[in-house]
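Asks: Below you will find the structure I want to go over with you.
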Amino acid sequence: MNKLYHEILISEIENLSIGHAQDYANATGCTVLLCEKGAPAGLDVRGGAPASRETQLLDPTASNNEIHALVLSGGSAYGLDAAGGIMRYLEEKGIGFDVGMTVVPIVCTACLFDLELANHKVRPDAAMAYRACMDAQRKRNDSGNIGAGTGAAVGKFYGTDFMMKSGLGCYAVQLGDLKVGAVVAVNALGDIYDCETGKKLAGLLNEEKNGFRDTETEFYRSYTGMKNLFTGNTTIGAIVTNAAFHKVQMKKIAMMAHNGYARTIRPVHTSADGDSIYGLSTGNISADLDVVGTLGSWVMAKAVNRAVLSATAMYGYPAASDFLS
């Protein structure tokens, strides 16, 4: 296919810094996206079990028009505490809405469930998130077992015995002056497929753990009534663009970006997932919404693939790299 765009580092997008902090011993971490000049933001949630903070401010009827940071965190709902560290970091820099005696940074948060891998009593907190903000100053472009991807896994239909290690992925492209990127922590109930070839990359292991079962097929076999699947899922991510949009338009772009999940994760958007995508407008480039949404879908699919392909085996769980030779 003749592509008019080319791959760039996501750190090349204006008004965006990404930092990570993690606790490898306890299999959890968080990733922060800092937009210190402010960014109109939208959100689209397709999964049935999200854990999030400040989402009401992204509603079109809310008076708030921009956010200053987004946190992708492990720890399930406990990970919502991480936002306090970002608020402290931004307040120290005088970033936020001026309320007279101080500033109030607007920090949105989405969390995934990683409590089952190591120590469920240790979760991302304000101190860890503050370290992630400090890390953001280094302009890193990491993927894999880092940040919010530290405790991520996929193929969870039969629980922890047959799942695989996943991680965090980043991917970005440039088309003329337009830049569109994706960051995603892949912690899916379902299996992961290559968005270009359709090949399965990771997912539900077979009994011998030397190959895959098909989660959709196992779903269908259980059609009369599935067990409680609240064992830990949710893919959380963001589309970031230097194009100028308001928050309603960024919500539409986030909605279109869910097609990237659908290209790569099956099944997806189940009641046991909290699948969410944020959209952040960080610049002032003029661009068509549908073009950005279409590119957003593509970069999100590539970021999902990168999340599993960059992950390495940890905590006794194999990774895609163990099956690709």
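The values are calculated or read from the model by the stated rules, or taken from the named source; none is laboratory data. Keep in mind that what you see is a predicted model, and the values were worked out from it rather than measured. Neighbour counts run over all protein chains shown; Cβ positions are idealised from the backbone, glycine included. For accessibility, only protein heavy atoms count, side chains too; no ligands or nucleic acids. Shrake-Rupley method; radii C 1.70, N 1.55, O 1.52, S 1.80 Å.
Asks: Given Val304, Val308, Val299, which one is closer than 20 Å to Pro50 by Cα, assigned to a helix (DSSP H, G or I), open to solvent by less than 10 Å² (accessible area, probe 1.4 Å) and touching a strand residue (DSSP E or B) at 6+ places or on another chain (Cβ under 6 Å)?
Replies: Result: Val304 is the single residue among Val304, Val308, Val299 that is closer than 20 Å to Pro50 by Cα, assigned to a helix (DSSP H, G or I), open to solvent by less than 10 Å² (accessible area, probe 1.4 Å) and touching a strand residue (DSSP E or B) at 6+ places or on another chain (Cβ under 6 Å).
Asks: Tally time: how many residues in segment 63-105 are assigned to a helix (DSSP H, G or I) and open to solvent by 40 Å² or more (accessible area, probe 1.4 Å)?
Replies: Of the residues in segment 63-105, 8 are assigned to a helix (DSSP H, G or I) and open to solvent by 40 Å² or more (accessible area, probe 1.4 Å).
Asks: Can Leu43 be described as surrounded by fewer than 19 Cβ atoms within 10 Å (Cβ to Cβ), of a type outside the set (D, E, K, R), modelled with pLDDT of 90 or more and under 18 Å from Ala238 (Cα atoms)?
Replies: Taking the combined requirement at face value, the residue does not satisfy it.
Asks: Check off (1) open to solvent by 10 Å² or more (accessible area, probe 1.4 Å); (2) closer than 13 Å to Asp23 by Cα for Ala132 and give me the number that stays unchecked.
Replies: (1)
Asks: Tell me which residues, restricted to segment 46-62, are among the hydrophobic types (A, V, I, L, M, F, W, C), assigned to a loop (DSSP other than H, G, I, E, B) and surrounded by 14 or more Cβ atoms within 10 Å (Cβ to Cβ).
Replies: Hit for segment 46-62 is Ala49, nothing else.
Asks: Next question. Residues in segment 160-214 that are open to solvent by 30 Å² or more (accessible area, probe 1.4 Å) and of a type in the set (A, V, I, L, M): how many?
Replies: Residues in segment 160-214 being open to solvent by 30 Å² or more (accessible area, probe 1.4 Å) and of a type in the set (A, V, I, L, M): 1 in total.
Asks: Hey, could you check segment 8-32 for residues that are in a strand (DSSP E or B) and small (Gly, Ala, Ser) and say which is nearest to His120 (Cα to Cα)?
Replies: For segment 8-32, the residue satisfying everything is Gly29.
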